[in-house]
Amino acid sequence: MIENKLDKFDVAVIGGGPAGMIAAGRAAELGARVVLLEKNSSLGKKLLITGKGRCNITQAEFDDKEIIKKFGRNGKFLFSSLANFGPEEVIAFFESRRVPTKIERGGRVFPVSDKAQDVLYILQKYLEKNKVEIIYNAQVAGFDVSPEVSGKKIVSVSLAEQGYISPEKQALTPIRRIYADKFILCTGGKSYPTTGSTGDGYQWAKDLGHTIITLAPALVPVKTKELWVKDLQGLSLKNVAINVIQNNKKQDSRFGEMLFTHFGLTGPIVLDLSKKIGELAQQGEVSIAIDLKPALSYDQLDARLQKDFKENSNKDFINYLPELLPQKMIATISSLLGIDPRKKINLVTKDERKKIIELLKNLRLTYDGTTGYSQAIITSGGVDIREVDSKTMQSRKIENLFLAGEILNLDGPTGGYNLQVCWSTGYAAGTYVSQ
Ligand SMILES: Cc1cc2nc3c(=O)[nH]c(=O)nc-3n(C[C@H](O)[C@H](O)[C@H](O)COP(=O)(O)OP(=O)(O)OC[C@H]3O[C@@H](n4cnc5c(N)ncnc54)[C@H](O)[C@@H]3O)c2cc1C
């Protein structure tokens, strides 16, 4: 095999997602000669589909401690990188480049234009301005490591050839190697693999001596055993609560918005609970209980029903239900209740009323797995953060390796938290790689 030794840089960044772009731009801004290697023919393919194409850039929670809490035990890792490039700095970064932002429900920050494309454009301009060399269709195949007396060092990365190459041609085809003094690994997770995030970096990190904490799809729609969900497909419910039940005990809960799908449930509160539900499912059956009336206690709901029943005593039961439920739920709920829809309200018994209350407060579904990586927003698990310096993102295993973004074992809820990890850790890696 022939080698090409011309490609030598100060820093090679692998992966042109949000973490890789900010890291490459920052390192170049500080004077390094940087190459960004992206296997797709364009940058930020996943970034473009974030926030349903609107890109929830970050979270308007300006107290770093509150952000850190959302990442559970691993959150502390973010202290230093958030202090240097937290939500305020991210907003300033885009606003100073003429992408104004707005804050929506739950502190979600979006570009005013509602276009993820604008966010990507600014990052591309940042790379261009700082003269980052971008190599597209550059699928990194692996790292070349040299054993040094003082520890292993990465010398280069080799690029896989695109398309089919005959065995005869292979022998004559030069392997393209990219040489650099330092490397930043930003290949992301395994979710939505069609965007290019196929988890390649995990194996390389492992081969280089890192521990990979068990990977799993996270922020992922859940499937349910009950088939009636299909009838409610597309129905979005706002201001409901979901309680996660195992062994008759409430294990977790969320309040907010959810959506029925043909296979089960999705929407912000379901996605946020999906990791916990998946973990619990390892130990036994998990029920998902939807509280359709979270603002009312059982007694308050009973009082309301009694009052309503008096006022509507001559109505058919089915004609009263729209007062309680969205139209799309009525057929399903009345069949689950087993109450004759033509029954007059004044004939509904006390036991039937209790049944209605139970169903409204505790609509039970049985967890039946997730839709997997193909529809997961993020991957939980990843490179063990104890093996990475939280200030610089430098590997504690390989001196000239830095890591940033979703490849790290950090997973937050929906709401802009996960992109914030990419901005903060990418910026830190880009800053310290050049020192
Ligand atoms: C549908 C959806 C919506 C989302 N919405 C939001 C949101 O609104 N807000 C939010 O905070 N988060 C959101 N996320 C999560 C967010 O997109 C990710 O956390 C983020 O993209 C991770 O960035 P990254 O740079 O670490 O990795 P990625 O974005 O996955 O980028 C990795 C890059 O590396 C490249 N690559 C991989 N392997 C190789 C290789 N061998 N050689 C060369 N290049 C390689 C890939 O092609 C890819 O371009 C969403 C995710 C999804 C799937």
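The values are calculated or read from the model by the stated rules, or taken from the named source; none is laboratory data. Predicted model only: the values in this text are computed from it and were never measured. Methodologically, a virtual Cβ is constructed for each residue, glycine included, from the backbone with ideal geometry; neighbour enumeration extends over all protein chains shown.
Can you tell me which of 259, 280, 301 is touching a helix residue (DSSP H, G or I) at 6+ places or on another chain (Cβ under 7 Å) and at pLDDT 95 or above?
301
Being at pLDDT 95 or above and surrounded by 15 or more Cβ atoms within 10 Å (Cβ to Cβ) narrows it down to one of 184, 175, so name that one.
184
Condition (residue is among the aliphatic types (A, V, I, L, M), assigned by TED's automatic domain parsing to the domain that holds residue 427 and part of a helix (DSSP H, G or I)) applied to the stretch 69-78: is it met by at least one residue?
Yes, the stretch 69-78 contains a residue that is among the aliphatic types (A, V, I, L, M), assigned by TED's automatic domain parsing to the domain that holds residue 427 and part of a helix (DSSP H, G or I).
Checking the conditions here, which among 85, 93, 77, 110 is within 21 Å of the chain's Cα centre (by Cα), farther than 26 Å from residue 398 by Cα and not charged (D, E, K, R)?
Just one listed residue meets the conditions, 110.
Working carefully through the options 86, 106, find the one that is within 13 Å of the ligand (Cβ to nearest atom) and among the small types (Gly, Ala, Ser).
Criteria check complete, one pass: 106.
For the stretch 21-48, what are the residues that are touching a helix residue (DSSP H, G or I) at 6+ places or on another chain (Cβ under 7 Å) and near the ligand (Cβ under 6 Å from one of its atoms)?
Hits for the stretch 21-48 are 45, 46, 47.
Starting from residues that are outside any loop (DSSP other than H, G, I, E, B) and modelled with pLDDT under 95, keep the ones in the stretch 53-65 and report whichever is nearest to the ligand (Cβ to nearest atom).
It comes out as 64.
Which members of the stretch 351-380 meet the condition of being within 16 Å of the ligand (Cβ to nearest atom) and surrounded by 19 or more Cβ atoms within 10 Å (Cβ to Cβ)?
If the condition is that a residue be within 16 Å of the ligand (Cβ to nearest atom) and surrounded by 19 or more Cβ atoms within 10 Å (Cβ to Cβ), then 370, 373, 376, 377, 378, 379, 380 are the ones that fit.
Please specify each residue of the stretch 221-268 satisfying the condition of being among the hydrophobic types (A, V, I, L, M, F, W, C), within 21 Å of the chain's Cα centre (by Cα) and surrounded by fewer than 17 Cβ atoms within 10 Å (Cβ to Cβ).
Matches in the stretch 221-268: 255 only.
May I ask you to verify whether residue 158 is within 16 Å of the ligand (Cβ to nearest atom) and either outside the structural domain of residue 395 (by TED's automatic domain parsing) or at pLDDT below 95 (or both)?
In short, yes.
Among the residues of the stretch 369-405, which ones are among the charged types (D, E, K, R) and not in a loop (DSSP other than H, G, I, E, B)?
Result: 386, 387.
Only residues that are within 13 Å of the ligand (Cβ to nearest atom), under 21 Å from residue 429 (Cβ atoms) and among the aliphatic types (A, V, I, L, M): list them for the stretch 174-219, please.
Scanning the stretch 174-219 gives 178, 184, 185, 205.
If I filter the stretch 421-435 down to residues being away from the ligand (no atom under 13 Å from the Cβ) and part of a helix (DSSP H, G or I), which single residue comes out as nearest to the chain's Cα centre (by Cα)?
Restricting to residues being away from the ligand (no atom under 13 Å from the Cβ) and part of a helix (DSSP H, G or I), the top hit is 428.
May I ask you to list the residues in the stretch 3-39 that are assigned to a loop (DSSP other than H, G, I, E, B), at pLDDT 95 or above and either surrounded by 18 or more Cβ atoms within 10 Å (Cβ to Cβ) or in contact with a strand residue (DSSP E or B) (Cβ under 6 Å, 6 or more places away or on another chain) (or both)?
Listed by number, the residues that qualify are 15, 16, 17, 32, 33, 38, 39.
Looking at the stretch 406-414, is at least one residue hydrophobic (A, V, I, L, M, F, W, C), touching a residue at least 40 places away in the same chain (Cβ under 8 Å) and assigned to a helix (DSSP H, G or I)?
Yes, the conditions are met somewhere in the stretch 406-414.
On the basis of being surrounded by fewer than 20 Cβ atoms within 10 Å (Cβ to Cβ), more than 18 Å from residue 19 (Cβ to Cβ) and more than 13 Å from the ligand (Cβ to nearest atom), does residue 151 make the cut?
It is true that residue 151 is surrounded by fewer than 20 Cβ atoms within 10 Å (Cβ to Cβ), more than 18 Å from residue 19 (Cβ to Cβ) and more than 13 Å from the ligand (Cβ to nearest atom).
If I filter the stretch 399-420 down to residues being modelled with pLDDT of 95 or more and more than 10 Å from the ligand (Cβ to nearest atom), which single residue comes out as surrounded by the fewest Cβ atoms within 10 Å (Cβ to Cβ)?
Here the residue is 400.
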